[in-house]
Structure formats: structure tokens, C-alpha cells
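Taking it in order: structure first as C-alpha cells, then the write-up.
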Amino acid sequence: AELTAQFPAHLHINLAPAARGRGIGRRLVERFAGDVGRAGLPGFHVVTGAHSRNVSFYRRAGLDFVHPFSWSGTDLVLLGRRL
């Protein structure tokens, strides 16, 4: 419950391979962060595989809170960004 209070908004991004590496994902994260901030929320989060390549993308995008956990035998990580 504490994590959802700190990071109540949830972000999910999927980009086609041809669209990756062009700054589109970063712009989507920043736009979402602005919308979340304007809504008066304290932060947002993503959940992804603990060993997924997108973890480094989200860390570079400012999601610096890291909470690893396991669900149904899969290692996951919640990454959060405070606003």
C-alpha cells in the first residue's frame, strides 16, 4: 500500500522496434510525468522484468526508485519516479 501511495500512476510503453532509439520513448515518459504532476500526484511507476533491457531505459528516464519482487516465479521490478 505504501508504494501505491508514493507512485499511484502506472506507465506502460511499447514501441515497435523500428521506433526505438529515436527519443520517442523518452518523450512519452516526460509527457506522462508532466500529466501526472499536473494531476497533483506524487509519482508514477512501471513494472517490468527484473532483467529486461528496458530497466536501463527507465533508470535513465529518472525512475530511480527500485523495488525488486517476485510474482508467480518471475523476477520483476517496480521502478518509480517521484515528482
Q | Rounded Å value of the spacing that divides the Cα centres of region 44-73 and region 16-35 | A | 16
**Q.** Relative contact order of region 1-77, defined on C-alpha pairs under 8 angstrom at six or more residues apart (%)
**A.** 31
Q: Express in Å², to the nearest 10, the accessible area of Thr48 obtained by rolling a 1.4 Å probe over the protein heavy atoms while all chains stay in place.
A: 20
Q | Residue-by-residue Karplus 3J(HN,Hα) for region 8-21, coefficients 6.51, -1.76, 1.60, Hz, glycine and proline x | A | x, 8, 10, 10, 9, 10, 10, 10, 4, x, 5, 8, 7, x
Q | Accessible solvent surface per residue of the chain, calculated while the other protein chains remain in place, 1.4 angstrom probe, Å² | A | 64
**Q.** Integer Hz, Karplus 6.51/-1.76/1.60 couplings in order for region 36-53, x for Gly and Pro
**A.** 5, x, 5, 7, x, 8, x, x, 9, 9, 10, 10, 8, x, 4, 10, 6, 5
Q | Percent carbon-and-sulfur accessible area, the chain, ignoring ligands, DNA and RNA, probe 1.4 Å | A | 55
**Q.** Sparse-neighbour loop sites [trypsin sites (Lys or Arg not before Pro); the chain; at most 16 other C-beta within 10 Å; DSSP]
**A.** Arg20, Arg22, Arg53
Q) Given the protein chains as shown and a 1.4 Å probe, how many square angstrom of Val36 are accessible, to the nearest 10? A) 10
Q: Taking amide H positions as placed in the peptide plane 1.01 Å from N, state which residues far from Gly43 in sequence (5 or more) or on other chains have amide H under 5 Å from it.
A: Ala9, Leu83
Q: Mind listing the long-range amide H neighbours of Leu78? Cut-off is under 5 Å, sequence gap 5 or more, other chains count too, H placed in the peptide plane at 1.01 Å from N.
A: His67, Phe69
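The values are calculated or read from the model by the stated rules, or taken from the named source; none is laboratory data. Only a predicted model underlies this, so the values are computations on that prediction, with no experimental measurement involved. Quick reminder, even Gly has a Cβ in these numbers, built from the backbone with ideal geometry, and neighbours come from all protein chains shown. For accessibility, only protein heavy atoms count, side chains too; no ligands or nucleic acids. Shrake-Rupley method; radii C 1.70, N 1.55, O 1.52, S 1.80 Å.
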